[in-house]
1. Could you check which residue among LEU91, LEU31, LEU124 shows the biggest mean-square fluctuation in a GNM of the chain with a 10 Å Cα cutoff?
2. Roughly what angle does helix 60-75 make with the longest principal axis of the chain, taking Cα atoms, 0 to 90 degrees, to the nearest 10?
3. Per the helix-only calculation at 222 nm, which mean residue ellipticity applies to the chain, given -39500 (n - 2.57) for every DSSP H run of n ≥ 4 and division by its residues, nearest 500 deg cm²/dmol?
4. In whole percent, and with a 1.4 Å probe on the protein chains, what portion of the accessible area of the chain is carbon and sulfur?
5. With a 1.4 Å probe and every protein chain left in place, work out the accessible area per residue of the chain in Å², rounded to a whole number.
6. Any chance you could run the full-extension gain for ILE92 through LEU6? It's 0.36 nm times the residue separation minus the Cα-Cα distance, nm to one decimal.
7. Of PRO125, THR12, LEU82, which is farthest towards the positive pole of the chain's charge dipole, taken about the Cα centre with +1 and -1 on the beta-carbons of Lys, Arg and Asp, Glu respectively?
8. Over all directions, how big on average is the projection of the convex hull of the alpha-carbon atoms in the range 76-128, in square nanometres?
Amino acid sequence: MMPPRLRKLILTTHIASSVGWLGAVLAYLALDVTAAFGTDIPAVRGAYAGMDVLVRFAIVPLAGASVVIGLVNALGTPWGLLRHYWVLVKLILTVVASVVLLIESRTVRALTASALSDADPRLLPATLPHSIGGATVLVIATILSVYKPRGLTRYGWRHRTHPQRLRPRPGS
């Protein structure tokens, strides 16, 4: 277990990177709506360029930081990584979201290159399903972090501490 000061520092860093990731995804979503429904060619080109910048310099780094710091946080606290369903579900959601993000970042880069060429960027496909899905997953992970639904995994049941077992029995 981590000392309290270190635990709070790691938790603060995890919250900051996670909230930053969600905020960057929401900004991306606003640009994605502009790219999908915009009628002004320069605005649509700018939206694609902004989406690429957000993915490369904000969303991907914040996602990576959130996953890594979240792992450190879970492994260094009593919550553990595999003891509680809410931690396990949150881990799965963030890892899946990160993998999809890494795959989708190639698409964003290609769409940006096309949008900045002489072609009409309004004819390009938007990435709205991915950005809406990503934002939804991150909101669900946030809800899990705040409400922490009860429920131990099988691993958690096997490894939970039983204070009554630690007390000496009468006559021992």
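1. Maximum fluctuation in the GNM of the chain, among the listed residues, is at LEU124.
2. Here the helix axis deviates by roughly 0 degrees.
3. -24500 deg cm²/dmol
4. Within the chain, the accessible surface is 69 percent carbon and sulfur.
5. In whole numbers, the chain has 62 Å² accessible per residue.
6. Full extension from ILE92 to LEU6 adds 28.5 nm.
7. LEU82
8. Directional mean of the projected Cα hull area for the range 76-128 stands at 5.1 nm².
The values are calculated or read from the model by the stated rules, or taken from the named source; none is laboratory data. Here the structure is a predicted model, which means the values were calculated and not measured. No Cβ is skipped: glycine too gets one built from the backbone with ideal geometry, and neighbour counts run over all protein chains shown. Heavy atoms of the whole protein, side chains included, go into the accessibility calculation; ligands, DNA and RNA do not. Shrake-Rupley method; radii C 1.70, N 1.55, O 1.52, S 1.80 Å.
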